[in-house]
Protein chains: 2
Amino acid sequence: MSRVATTADAFNAVGEPSRRDILNYLVLQERAVGEIVSTLRLGQPSVSKHLRVLRDVGLVHVRRDGRRMMYRTNAEAIKPLHEWTGTFERYWKQQLHRIKDRAESETGK
Amino acid sequence: MSRVATTADAFNAVGEPSRRDILNYLVLQERAVGEIVSTLRLGQPSVSKHLRVLRDVGLVHVRRDGRRMMYRTNAEAIKPLHEWTGTFERYWKQQLHRIKDRAESETGK
DNA sequence: TTGACATATTCCGATACGGGTATATGTTGA
DNA sequence: TCAACATATACCCGTATCGGAATATGTCAA
């Protein structure tokens, strides 16, 4: 037994930089594959494969328009990631306060 | 040329489920490696390796305490991920409104 | 100094991944 | 029906990754 799944979850899907680029691009507006290819300067098969991964985890939606496939980001699928990272918010705020407090007590010395 | 870096960035580091578990655990309190191993039921070398990845991207801090190494989550390193996912917030809110509006107009019909 | 303890590193095998090339599939318009 | 177009899939290569076993490194206590 070796590596577990991976592409089967949104956290992992988003770990790939090109896929984040694609999500950033597709959230603004629905786009055809060819537009993604030329805008992001990636190979067409590469883009199709990234889209397949994103689709499998629900991060994008597709719609056929004639012979083109129109993709768009499904922002809701990103919500869980935002929520998970958000559970750490109180901790980084604490850390900032500690740093700030220490700085103030030092200047006040 | 093949796969790019990966372990060299926080997004990817967090893509691994065990590493998320470790971060969740270490944010509550500083812990020794052995505690992580027994609490999360993972192999010791495996944990050490995950910790090395997390450390390299700044997601955890270490401190030596005698012969033990005490790790804790560096919440601040998670902030960029929270911010990136946050850029999608307005879009999922829009989607929710659209869904809500449609539901209301349908019941009102 | 030595043995026990705690952690890190190395090595291995199986597999997943990403990019590229070639090819298959599906759709349109003539 | 057929050629052009748009996208998806299959395949290959080189590499990354994960887990586990074995081993190395570092630290303490006697």
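The values are calculated or read from the model by the stated rules, or taken from the named source; none is laboratory data. Here the structure is a predicted model, which is why all the values come from computation and not from measurement. Note that each Cβ is placed from the backbone with ideal geometry, even for glycine, and that neighbours are counted across all protein chains shown. Surface areas here come from the heavy atoms of the whole protein model, side chains and all, with no ligands, DNA or RNA. Shrake-Rupley method; radii C 1.70, N 1.55, O 1.52, S 1.80 Å.
Inspect all residues belonging to the range B:11-21 and state whether any of them is in contact with a strand residue (DSSP E or B) (Cβ under 8 Å, 6 or more places away or on another chain) and on the phi < 0 side of the Ramachandran plot. No. If you filter the range A:56-89 down to residues that are more than 8 Å from every other protein chain (Cβ to nearest Cβ) and of a type in the set (D, E, K, R), you find that the one that is farthest from B:Thr73 (Cα to Cα) is A:Arg67. Which one is surrounded by the fewest Cβ atoms within 10 Å (Cβ to Cβ), of the residues in the range B:78-102 that are of a type in the set (Ser, Thr, Tyr) and farther than 30 Å from B:Gln29 by Cβ? My answer is B:Thr87. Picking from residues in the range A:50-77 that are without any contact (Cβ under 8 Å) to a residue 24 or more places away in the chain, closer than 21 Å to B:Tyr91 by Cα and open to solvent by 30 Å² or more (accessible area, probe 1.4 Å), the one that is nearest to DNA strand D (Cβ to nearest atom) is A:Val62. Screening the range A:1-80 for helices (runs of 4 or more DSSP H) wholly inside it with 2 or more residues that are among the small types (Gly, Ala, Ser) returns the ranges A:10-13, A:33-40, A:44-56. Residues that are at the interface with another protein chain (Cβ under 9 Å from one of its Cβ atoms) and of a type outside the set (S, T, N, Q) were ranked within the range B:17-27; the one that is surrounded by the most Cβ atoms within 10 Å (Cβ to Cβ) is B:Leu23. Can you pull out the residues in the range A:31-49 that are within 14 Å of chain B (Cβ to nearest Cβ) and open to solvent by less than 60 Å² (accessible area, probe 1.4 Å)? Result: A:Leu42, A:Gly43, A:Ser46. Only one entry of B:Val14, B:Val53 meets the criterion of being away from chain A (no Cβ under 11 Å) and of a type outside the set (Phe, Trp, Tyr), and that entry is B:Val53.
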